[in-house]
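Data block below; observations after.
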Amino acid sequence: MTRYAMVIDLNTCVGCNACMAACAMENQTPVWKDRWRTYVHDKEIGTAEEVHRRFFPRLCNHCDNPPCLTVCPTGATYQLDNGIVLVDDELCMGCRACAMACPYDARYEVTFADIERGRDFYGDLQRERPSMDKCTFCAHRLEQGLEPACVQTCVGSARMFGDLHDPEDPVARLVASGVARPLLSHLGTRPNVYYIGDLKRRG
Amino acid sequence: MIAIDVLPSDTAAWADVILPNSTYLERDEPTLYGNGVNHDLALTTRYAAIDPLFDTEEIPDILLEMTRILSGEPDRLLEWVEAMTGMPAAPVRAAWERLRAEGAPSPFTHACREVSFRLSAERAGTTSAELDRVLRERGIFTEQPREQVLEHAAMPRRLPLPTGSGRVEYYSSLFDSLRGMGAEGPHFSVLATHIPARCRDNADMAAPLGADEFYFTYGKTPTVSYASTNSNNPVLAAVNRFKGGTYTGIWIHPDRAARLDIVTGDPIRLTNTRSGQTATGHAYITRLVHRDALFIYSSFGAENPALTRSHGLGTATNKLVPYRVEPVVGGFRSQEFTLRVQKLDNSGGAA
Amino acid sequence: MDVTMTYATQDYWTWWIAVYLYLGGLGAATLTVTFLTDLYLKRHPCLVMWGAISGVVMLGLGSAMLFLHLLDHVAVFSVINPLVLFRKPDAWIAWGTQFIIWMMWWGVLYALPYMARSEAFLRLPLVGALLRMRWIAALARCCERYHKVVGWLATVNGIGTAVYTGLLLQSFPAVALWHNPGVPLLFTVSAFSTAMAYLLLVLHVVVRREEDHGLRVFYERLDLMLIAAELVILFSFFHYMRAGSESLYRSFELLWNDWGWLVGFIGFGLLVPFALELKGVLRGWGSRMPIVAASVLVLVGGYLLRHYFLAAGFYAHPW
């Protein structure tokens, strides 16, 4: 069975934000209120004169043990066999418990007002009900054999997407090698987004 | 004044006549050009992604029509195009007349494109149709892979240096010829010459800066194109808002800002110590900029309210850069001055 | 990977969830205490009616807070349907919603026989007519016959609701202040303490019968023990929060440097009422006002606890 995962190389992210634009257009996110499924932190790190600019792309981690799923009272949040965590707009009542549970701050509100605004903004809006929305790893594109929009558009090839259960997959090899590591793994969420650190190469 | 633009830009606001231009998404480019991404010898061009949304026109056709109106001699434009780009005037003229008779949109642009395809195909030993098919499918047409290119064109093997003699030259025959044509001054020196930088009229570079004085540097954002043709795009505007002060603020080092009692978000005024030009903006305090310099992204500062998503955002570099031309390449000397920083109160007056 | 940590509180669940947790715990515990009193201490129709009605109103108001803030009010039907417990047995809001709904039903049913006999209720325009309906009268008789079963069903749901308010916060793993078994304990003890305070107010201000003196003293003693327990739990929290994780320590810095928490909640919400009730239990007061004041303070403190707990939860973000 496929287990989807993403590896993000902080060494090659140039901070162009093309992933944000591509994702917004693909998934019609409420960008007018600054809510994105994926976004890139622009951080100043380092001490004294050793200052670096780090671009830190973020998205839902599609955890193997997703806290947002267990707390969801309606069953709107569900997980596919391939690991992708999705939200059913029809079922979600918007109690926001998922947002409280998510350590990765990956949930955002889509309200009726946003749906109204979205029709103006994107034209043909692909949703009718509000929900606590999130990244889907572009499940609809994966079904068509395409990569997630953020991965396909990434000019620095900083985002790599693959199958952890395929030992030949470059993403699986990066994860197995230990060079790519997840965020907040001590919380027991078993995330499927991994990061390759940047400071060693810069140092 | 006539402006050709895709948006109601700040320049368009001053124009007496605006000739609306098609956007790159609506455009079949008039020529093929080299692919600059890798070392393969390859061709590429742009295909229109959508039909034009409005009654707009392509630049070659606008220029041709303006030539006709001004001089009544459109052939002169074709001759100049041939002289400057190598695009042969006669076949372009023939194609243009045919397309015009057929009622095709932007006939001159498409005539140039047709000839460009034909010539490129001939050179590559293929047909225009095949070239078109490959480009539509793959985006590029490879004439020669880089390994083959390097076989005959690798510089170390064929030409040690890209000078007239192929050797190290301390003497510029180009500048010598320019001097012969009347160019004067140290910038056109035929020998390599050091010209000291000068950012202040009354002080050299070694003199210390005033407490409120900074050098100036600027850069580009990935979200706004070189000519700001996408500055009103709603999603990219949302990215700009997400980036906040990083993109639209004036970068100041915290050590210097502290001495001026400036924190991130404070309204400030910049004054060019040489030209007296001023611009306002908001401070963004970061260690990513040198202590002695201010940094601005040059993508912002539009003032035309018709740019609904970008006007009033950020600081325009062209309000600070004086009209002083660098004599060799003709560009603006956009950093040869210093700026004074003054903190403003919220009403815009000096704090 | 070297990371720069960002510590952030949340603004998804603010005062309205604090009200929901507060009124949920208070309402459920009020119902539970009145029914257990009626079943095992002394038959007390007046107290039961007061407890049942105010409990149901509190649960209703608390749930309304959550309901009004939902993004999609129609979708709420999937959690109101009891089958949700089979579909989402891991979600505490599902359990909580069911506890609250059934608590309200069993609460009304337990009080129904008393209401059917109450002159005051029978005189009320619409309610009186309802209570006189034949099938309601039959239902009331049935509830009277099985009042122990109904009382215990209400009690189970009531305790469930009170515990749930803490389990809900405990289910968020990213925030160390919430994700520990002390929270359900603290919230349950606080729920029952505020319920005692509420019932003391009822017995001192509204019902005011001489024969209830023993009951009042008993409630005072219970409340005293509950406040003491709450102080012990908070003392443990104080020491637990001093070290452990940065998320926890940030909460420590925020809470234990805040006058609202220290003076408002710990001081006036717990220590002052504890002192007032302690004197009442040991030596007695000449007036009912000190106990009334203590009860009001405990009730205000109960809300402050939940408000501060929600506001002080820190997420540790490695970016």
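The values are calculated or read from the model by the stated rules, or taken from the named source; none is laboratory data. Note that the structure is predicted; figures quoted are calculated from it, not measured. Here the Cβ is made from the backbone with ideal geometry for all residues, glycine too, and neighbour counts use every protein chain on show.
See the values below:
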{"read-out": "Number of the exception - B:ASN230 against (1) within 30 Å of A:GLY15 (Cα to Cα); (2) touching a residue at least 24 places away in the same chain (Cβ under 8 Å); (3) under 24 Å from the mean Cα position of the chain (by Cα)", "value": "(2)"}
{"read-out": "Odd one out for C:VAL205 among (1) without any contact (Cβ under 8 Å) to a residue 24 or more places away in the chain; (2) over 30 Å from C:ALA316 (Cα atoms)", "value": "(1)"}
{"read-out": "Region A:112-121 - residue that is in contact (Cβ under 8 Å) with a residue 60 or more places away in the chain and away from chain C (no Cβ under 12 Å) and, of those, surrounded by the most Cβ atoms within 10 Å (Cβ to Cβ)", "value": "A:GLY118"}
{"read-out": "Meets criteria (over 30 Å from B:LEU288 (Cβ atoms) and more than 14 Å from the chain's Cα centre (by Cα)) for A:GLU49", "value": "no"}
{"read-out": "Residue within region B:328-346 that is under 18 Å from the mean Cα position of the chain (by Cα), surrounded by fewer than 17 Cβ atoms within 10 Å (Cβ to Cβ), polar (S, T, N, Q) and not in a loop (DSSP other than H, G, I, E, B) present", "value": "no"}
{"read-out": "For C:SER63: the one exception among (1) under 17 Å from C:TRP102 (Cβ atoms); (2) crowded, with 20+ Cβ neighbours inside 10 Å; (3) more than 14 Å from chain A (Cβ to nearest Cβ)", "value": "(3)"}
{"read-out": "Residues (away from every other protein chain (no Cβ under 13 Å) and either within 19 Å of A:CYS19 (Cα to Cα) or basic (Lys, Arg) (or both)) located in region A:158-203", "value": "A:ALA158, A:ARG159, A:MET160, A:PHE161, A:GLY162, A:VAL171, A:ARG173, A:ASN192"}
{"read-out": "Qualifying residues in region A:137-151 (those that are in contact (Cβ under 8 Å) with a residue 60 or more places away in the chain and over 14 Å from the mean Cα position of the chain (by Cα)) - the one farthest from A:GLY83 (Cα to Cα)", "value": "A:ARG141"}
{"read-out": "Which listed residue is crowded, with 19+ Cβ neighbours inside 10 Å and farther than 18 Å from C:ALA154 by Cα, from C:ALA120, C:ALA116", "value": "C:ALA116"}
{"read-out": "Any pair with Cβ under 7 angstrom, 6 or more apart, that starts in region C:253-282 at a residue that is over 15 Å from C:ILE233 (Cβ atoms) and ends at one that is outside any helix (DSSP H, G or I) and of a type in the set (A, V, I, L, M)", "value": "C:LEU254/C:ALA312"}
{"read-out": "Any chance C:GLU246 is within 23 Å of C:GLN170 (Cα to Cα), of a type outside the set (Ser, Thr, Tyr) and either in contact with a Phe, Trp or Tyr (Cβ under 8 Å, 6 or more places away or on another chain) or in contact (Cβ under 8 Å) with a residue 24 or more places away in the chain (or both)", "value": "yes"}
{"read-out": "Candidate set: region C:84-109, residues that are touching a residue at least 60 places away in the same chain (Cβ under 8 Å) and of a type in the set (Val, Ile, Thr); chosen: the one farthest from the other protein chains (Cβ to nearest Cβ)", "value": "C:ILE100"}
{"read-out": "Test: residue in region B:3-19 that is closer than 28 Å to B:ALA124 by Cβ, in contact (Cβ under 8 Å) with a residue 40 or more places away in the chain and not basic (Lys, Arg)", "value": "no"}
{"read-out": "Selection status of B:HIS194, farther than 27 Å from B:ILE285 by Cα and not in a loop (DSSP other than H, G, I, E, B)", "value": "no"}
{"read-out": "Test: residue in region C:66-74 that is among the acidic types (Asp, Glu), surrounded by 20 or more Cβ atoms within 10 Å (Cβ to Cβ) and within 14 Å of chain A (Cβ to nearest Cβ)", "value": "yes"}
{"read-out": "Failed item, numbered, when B:LEU313 is tested on (1) within 26 Å of A:ARG53 (Cβ to Cβ); (2) under 18 Å from the mean Cα position of the chain (by Cα)", "value": "(2)"}
{"read-out": "Scope region A:122-136; condition away from chain C (no Cβ under 14 Å) and either crowded, with 16+ Cβ neighbours inside 10 Å or touching a Cys at 6+ places or on another chain (Cβ under 8 Å) (or both); matching residues", "value": "A:TYR122, A:CYS135, A:THR136"}
{"read-out": "Selection within region A:5-25 - under 12 Å from the mean Cα position of the chain (by Cα) and more than 7 Å from every other protein chain (Cβ to nearest Cβ)", "value": "A:ALA5, A:MET6, A:VAL7, A:ILE8, A:CYS19, A:CYS23"}
{"read-out": "Output for region C:17-36, where each listed residue is touching a Gly at 6+ places or on another chain (Cβ under 8 Å) and hydrophobic (A, V, I, L, M, F, W, C)", "value": "C:VAL19, C:LEU21, C:LEU23, C:LEU26, C:ALA28, C:ALA29, C:LEU31, C:VAL33, C:PHE35, C:LEU36"}
{"read-out": "Candidates C:VAL156, C:VAL150, C:VAL175, C:VAL163 - the one that is assigned to a loop (DSSP other than H, G, I, E, B), β-branched (Val, Ile, Thr) and either over 30 Å from C:ILE291 (Cα atoms) or more than 14 Å from chain A (Cβ to nearest Cβ) (or both)", "value": "C:VAL175"}
{"read-out": "Residue that is at pLDDT below 95 and in a strand (DSSP E or B), where the choices are B:GLU147, B:GLU143", "value": "B:GLU143"}
{"read-out": "Enumerated helices (runs of 4 or more DSSP H) restricted to region B:1-93, each holding at least 1 residues that are touching a helix residue (DSSP H, G or I) at 6+ places or on another chain (Cβ under 9 Å) and of a type in the set (A, V, I, L, M)", "value": "B:59-71, B:74-85"}
{"read-out": "Qualifying residue in region C:205-215 (condition: surrounded by 17 or more Cβ atoms within 10 Å (Cβ to Cβ), modelled with pLDDT of 95 or more and touching a helix residue (DSSP H, G or I) at 6+ places or on another chain (Cβ under 6 Å))", "value": "no"}
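Per-residue answers, yes or no, for (1) within 12 Å of chain A (Cβ to nearest Cβ); (2) in a helix (DSSP H, G or I); (3) without any contact (Cβ under 8 Å) to a residue 12 or more places away in the chain:
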site	(1), (2), (3)
C:ILE17	yes, yes, no
C:ALA29	no, yes, no
C:THR37	no, yes, no
C:VAL56	no, yes, no
C:PRO82	no, no, no
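Here is a yes/no grid of residues against (1) modelled with pLDDT under 95; (2) farther than 14 Å from C:MET196 by Cα:
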site	(1), (2)
C:GLU246	yes, yes
C:SER251	no, yes
C:TRP261	no, yes
C:PHE268	no, yes
C:LEU271	no, yes
C:PHE274	no, no
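Conditions (1) more than 30 Å from A:ALA176 (Cβ to Cβ); (2) among the aromatic types (Phe, Trp, Tyr); (3) at pLDDT below 95, marked per residue:
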site: A:ALA21; (1), (2), (3): yes, no, no
site: A:GLN28; (1), (2), (3): yes, no, no
site: A:TRP32; (1), (2), (3): yes, yes, no
site: A:THR47; (1), (2), (3): yes, no, yes
site: A:GLU50; (1), (2), (3): yes, no, yes
site: A:PRO57; (1), (2), (3): no, no, no
